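Data block below; observations after.
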Amino acid sequence: MEAQRQYTILVAEDDKDIRSLLKLYLESSGFRVILAEDGRKALREMEREPVDLALLDIMMPGLDGYQVLEKIRASANIPVLFLTAKDQDHHKILGLNLGADSYLTKPFNPLEVVAHVQANLRRFYKLGSGIRQESERILKVGGLSLDLDRMKLEKDGQPVELTPTEFRILARMMQSPGRVFTKAQLYDSISGGFSESDDKTMMVHISKLREKLEDDSKNPSYIKTVRGIGYKIEYKNP
């Protein structure tokens, strides 16, 4: 992490012991931590001051984690990680569809949480700034134009809203048009590491990207599936 900047982490969790534990480990790693015991307070804290990343429990009083995430995504593109006891696939897929970047189930190792926080911050805030050549700051494939410095995507001149995770996946592919990426390689651009359970996660992200990029997501013009291997991005005039 950059020594000259202290990132602010919002922890929204109704369990006091978990809040205290995460605060201890995150502050020990150099982060500034804001705590909230419910969804409404989490949103109030975000209105009061900028937050660089949010850790959200799903089952909270007032507003649950899903509702808080929807409110955040209406105005901010920061990384959002879910902490929850819910480990069923449909809960995970719902969170990803709403724009979550990572999903950690309880019980968890607090050091693993810190590692996920560091990885998401590093990829979100440094992906574009690490590329300095002028020709590489804006990536273009067909009608897609991805500005790495401003973290903005346009399709045929019109803005397209992306979650941080979708941005990282798309940037990875657009840096090498025509190259086939395995799901593990793409997942590495999100948080590092890959397991069989992450296979469905990547499928959800690709599906959401296609809905935003393609005129017909069932017959994609940009993101192509290479059966048995993974995905690639390319564009050929019809």
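Values quoted throughout were computed directly from the atomic coordinates according to the rules given, and no laboratory measurement underlies them. It should be emphasised that the depicted structure is a prediction, and the values quoted were computed from it without experimental measurement. Backbone-built Cβ (ideal geometry, glycine too); neighbour counts: all protein chains shown.
Values for this structure:
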read-out: Fewest-first sequence of His116, His90 by Cβ atoms within 10 Å of each Cβ; value: His90, His116
read-out: Hz values of 3J(HN,Hα) by residue in the range 215-228 - Karplus curve (6.51, -1.76, 1.60), Gly and Pro given as x; value: 5, 9, 5, 7, 10, x, 9, 10, 8, 9, 8, 9, 3, x
read-out: Global form of the range 8-126, assessed from the alpha-carbon gyration tensor, a/c cut-off 1.5; value: rounded
read-out: Full-stretch length increase - Glu161, Thr225 - with 0.36 nm per residue and alpha-carbon distance subtracted; value: 20.8 nm
read-out: D (Stokes-Einstein, µm²/s), Kirkwood Cα radius, the chain, 1.567 mPa s at 4 °C; value: 70 µm²/s
read-out: Nearest 10 degrees, 0 to 90: helix 89-98 Cα axis against the chain principal axis; value: 80 degrees
read-out: Whether the range 15-63 is rounded, prolate or oblate, judged on the alpha carbon gyration tensor where a/c under 1.5 counts as rounded; value: oblate
read-out: Counted charge near Lys212, where neighbours are those whose Cβ lies closer than 14 Å (Asp, Glu -1; Lys, Arg +1); value: -3
read-out: Angle between the chain longest axis and helix 164-174 axis [Cα atoms, degrees, rounded to 10]; value: 30 degrees
read-out: Overall Cα dimensions of the range 134-233 - principal axes, largest extent first, Å; value: 37, 28, 22
read-out: Full-stretch length increase - Ser217, Ala76 - with 0.36 nm per residue and alpha-carbon distance subtracted; value: 48.2 nm
read-out: Under 5 Å, built H, 5+ apart or other chain: amide partners of Tyr222; value: none
read-out: Inter-label distance, nm, simple model (7 Å from Cα along the C-beta direction), Thr182/Asp15; value: 3.5 nm
read-out: Karplus-derived 3J(HN,Hα), 6.51/-1.76/1.60, for each residue of the range 53-60, Hz, glycine and proline x; value: 7, 10, 9, 10, 6, 7, 8, 10
